[in-house]
1. Please compute the modelled spin-label separation between B:A210 and B:T53, points set 7 Å along Cα→Cβ, answer in nm with one decimal.
2. Region A:237-286 to region B:78-128: how many Å between their Cα centroids?
3. So how far, in whole Å, is the C-alpha centre of region B:150-215 from the one of region A:7-26?
4. Cut-off under 29 Å on the C-alpha distance; same-chain residues fewer than 8 positions from B:K179 excluded. Which lysines are left, in chain and number order?
5. Using the beta-carbon distance between B:N217 and B:T83 and R0 = 25 Å, what value does 1/(1 + (r/R0)^6) give for FRET efficiency, to the nearest 0.05?
6. Note down the net charge around A:P202, summing +1 for each Lys or Arg and -1 for each Asp or Glu among other residues with Cβ under 14 Å from its Cβ.
7. Quick one: if the Förster radius is 51 Å, what FRET efficiency do A:L188 and B:K245 give, using the C-beta to C-beta distance and rounding to 0.05?
8. Zone of A:V217 (label point 7 Å along Cα→Cβ, backbone N under 17 Å): which residues in region A:190-205?
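Read the figures in this text as sums done on the coordinates, not as results from a lab. Everything quoted here is computed from the prediction, not taken from an experiment. No Cβ is skipped: glycine too gets one built from the backbone with ideal geometry, and neighbour counts run over all protein chains shown.
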Amino acid sequence: MLHLYALVVAASTAVLIFAGGLVTSTGSGLAVPDWPNSYGWFMFTFPLENMVGGIFYEHGHRLIASTVGFLILVMAGVLWRVEPRAWVRRLGFAALAAVIAQGILGGITVLWYLPAPISIAHASLAQIVFCMTTAIAVATAPAWRRSYARAGGVPDDPTLQRVAVATTALIYLQIVIGATMRHTGAGLAIPDFPWAFGRLVPPQWSSQIAVHFAHRVGALTVAVMVLATAGYVLYHHGRRRALARPVLMLVALVCVQITLGALTVLSGKQYIINSLHVVTGGLVLVTSLVLALRAHRARFPLAESHGGTLDSAAIVESTSHGGSAAGVRA
Amino acid sequence: MLSARVSAPPLLVLFLAVGLSACGGGESAPPAPPAPVAPAAKPVDPATAATVTGRITFSGQAPAPRPISMASDPRCINPGAVTETVVTGAAGGLQNVFVYVKDGLGDASFPVPATPVVLDQKGCQYRPHVFGVQVGQPIEILNSDATLHNIHALPMANQGFNVGQALQGLRHTHTFSTKEVMVPFKCDVHRWMNAYVGVLDHPFHAVTKADGSFTLNGLPPGTYTVEAWHESLGTMTQSVTVGAKETKEVAFSFAG
């Protein structure tokens, strides 16, 4: 039940990121000039009929953010009460602290007229919140507690662990570059795709062209890294569904994401395509995170139990290429 | 196995304080800095006042005005509203060009009108679309619509502001403290709404009418640089010399 709730919270975080993407993509970030009130109304009493034009996106984003904040608050409270694993409880409170900080950043960026550093921090922290809610969903999954015994098990493979973490970190860096591009108005600094002003490398440079080009180079780098990760996982652990599924999902999402990035440029930043690009970036990130977490499953106690007692499901796993034994279960 | 738990109540209090608080008001404009003290104004002698008049035209094929879709706000009632980026009239006259004396007045100072210039939000469009004020002269921003607007000024030299007007009939007065050509205004609720104000330290400015004509009255005799500014076509300048009680004509032609 807790896992199901955590999944709902993670999904709602994705919805919130999409809503935030719509705010920026429609240029509605300052459509509600005050905060935390909305045109002087208490946020939750703002008349629905007044949600017109840019207010629909900005105030809608605030309402969704409040809902997600409340869901995370409840989740942190429940974890605090029932979760025996200290690191999961701490993760719940970290998610709560992050979403509160995220709300404050959102308010500050409105009151200070969207300064780029604050808006970039707001966009970047949103992805951290998404990672935290996803990590809680992973950690509360019954399959995690069973060490993915029914999904082929997960070996203690240091190479896989390093590759998965590096891929996740690289994707996050790419998202931060994307947020910088987005909040410095550089989304169309290079107006053509796949070329840059008709060439492989831009013939002229400005700070906006540089950050835009960096995002394109970053996309290529992420794609190569994801393919390398997928190749490694499928070659060494192809039969372990707990690893193969997220890595295949990762490859598919990267393909979708690059397509959306191209369409964002070619459509002149059509707001729905642009916002889908933002949320798909988050999905790429958390999918890579799921792979990284599962790759590290063997580093956690072997029979993590939600109820504080050891699971009966016991497996014996070993890596296919020399990793240490991972799962001797009582 | 259970290590130290994080204390929940402080976080709850912080969350409630941030997420559920209800303080603040609908208007969020920071206070404008005080206007600099100007030297004593020297009125122009009416017996010698000169006039610069003229007409501004657009050469080439003017882009056709595009209809504005106001579907995102059903309370915006303005059938037939079109974009005002390039507005041409008879014989190529170019409307909404801000014409002003850019240089030549030296350190002369001029009385600041106490009468406010009204910027009306009507039919979810700004009226006027382009206008001028003097430094220190109030701008009264009026919401004549039965919907919400925010007035978001984006100056470079002056203090920016973003003010919400949730009700019809609300007024907000603002005064700019530094000369600046031009200060854009926009409404983030209705993305098509924009206006431009030229802020000057003298009264010699005008906005071209539908036929492209303009008049700068009451100039002291002298040699001036006159600039014409258009929101999408850029700027053009000319030098003109006027003697006492003289009227000179200048013409500008913007190319499409």
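1. Placing both labels 7 Å beyond Cα along the Cβ direction yields 1.9 nm.
2. 47 Å
3. 34 Å
4. Hits, sequence-local ones excluded: B:K42, B:K102, B:K122, B:K209, B:K245, B:K248.
5. My answer for the efficiency is 0.20.
6. Numbers: positive: A:R199, A:R216; negative: A:D192.
Taking every other residue near A:P202 into account, the sum is +1.
7. Details: r = 53 Å, r/R0 = 1.04.
Efficiency for this residue pair is about 0.45.
8. Within reach of a label on A:V217: A:190, A:195-197, A:199-205.
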